[in-house]
1. Starting from the amide H of Tyr60, placed 1.01 Å from N in the peptide plane, find each other amide H under 5 Å away whose residue is 5 or more places distant or on another chain.
2. Under 17 Å between alpha carbons, and skipping anything fewer than 8 positions from Lys166 in its own chain: which aspartates and glutamates qualify?
3. State the number of lysine pairs found in the range 57-139 whose Cα atoms come within less than 30 Å, restricting to pairs 8 or more positions apart or on distinct chains.
4. Tell me the mean residue ellipticity at 222 nm calculated for the chain from its helices only (DSSP H runs of n ≥ 4, each -39500 (n - 2.57), averaged over every residue, nearest 500).
5. Using Cα centres only, tell me the gap between the range 239-290 and the range 85-121 in whole Å.
6. Arrange the residues Val247, Val173 by how much accessible surface each exposes, largest first, with a 1.4 angstrom probe.
7. For Tyr185 and Glu251, what is the calculated FRET efficiency with R₀ set at 25 Å and r taken between the beta-carbons, to the nearest 0.05?
8. Just tell me the longest site-free run in the chain, where the sites are chymotrypsin sites (Phe, Trp or Tyr not before Pro) in a DSSP loop having at most 15 other beta-carbon atoms within 10 Å.
Amino acid sequence: MDIYRTNYRPIDCISPTQEKQISGELITRLQKILGDELNRMAMYLQATYSIPKNAYSVDYFGYSKDMQHQLICHAIHEMRHAETIGRILCKIGHNPRLKTSRLTPPKTYKEMLTMIFESEQDGIKNLSEALDATNDQEIKVTLLNQIREENAHLQMRTQIYDQIEKTGLIDTVLPSPEGAGPVSYDINILLDAFELEIQSIITLIYGSILLGMDMAIPPRLRALSIEDMQHLNKIAQDIITLGGRPVVSPESLNNVPRLSNAVQVIDHAIEIKQQKIRQYDQFSQMIKSKGAAKTLSDMMGKEEENISDLKGFANSLQTAEPIH
């Protein structure tokens, strides 16, 4: 199964709410949920790259799945959840803010998995309270589906915790992000590239959210964000190969300025991709690892293609205003 599939379409046809009054409580709660979903995406990504690939497996509806594979699936689910919540905020006439709380970096596998568990529990509580704060049936169905998926994540997290505990690693200190020795030079460069990919992913999702009911461009922005997730994974694997550990900083999650429309967000996405091309060109010449240098060089052509697509999207939106 392709974990980067893009056929998921979170409420592309969401209709304007029929509620006469929208409570401030609902808006505040949904805004918090949006930030928390992005935080959980970061948590799952960090867990993905902290647990050795192909070393552990989990039971997924009777099928054995690689634990790292399943964790990155959960990161993608949280990214989609954030997009869905953002769309609901647009539906009720509110401009979403992509603002997350600062995460305390975990020191051990136990702390890392406990953070995920507590965040999922808190997320289910907030989704349930948002459910009680609205009478819009479409919003209720969407929130109920999200609660179901978060509960499935909780069950999987319990499996993962049990497996790590059985191996005796649960209290083990996580690997250093920068690695050790001469390779730390290459790892630090790759960590910068990793951060750029996170910023690009968040910006593209923000653009998709602000387009509301537009059915032409959001799926394409989502596809580009998934492509960036693939780039992120390749860079992460190079960091791991060199002995480092990818981490998602609060800065990269909160680096998208609050813009008023999708065209501005797409222009910002273009700027990030142009920055990626400049820096990857530099990085590929500075880095000592030939494999990692090739990874970055190979991405540059795809970024040029993506910039061309984004410019086309922005131009089309200049003449056709999306509706909410």
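1. Counting only residues 5 or more places away or on other chains, the set is Lys65.
2. Partners within reach: Asp59, Asp66, Glu111.
3. Number of lysine pairs found: 10.
4. One gets -23500 deg cm²/dmol as the mean residue ellipticity at 222 nm.
5. 21 Å
6. Per-residue accessible area, sorted high to low, gives Val173, Val247.
7. The computed FRET efficiency comes out at 0.70.
8. 62-324
The values are calculated or read from the model by the stated rules, or taken from the named source; none is laboratory data. All figures in this text were calculated on a predicted structure; none of them were measured in a lab. Note that we place each Cβ from the backbone using ideal geometry, even for glycine, and neighbour counts take in every protein chain shown. Note: accessible area is taken over every heavy atom of the protein model, side chains too, but ligands, DNA and RNA are not part of it. Shrake-Rupley method; radii C 1.70, N 1.55, O 1.52, S 1.80 Å.
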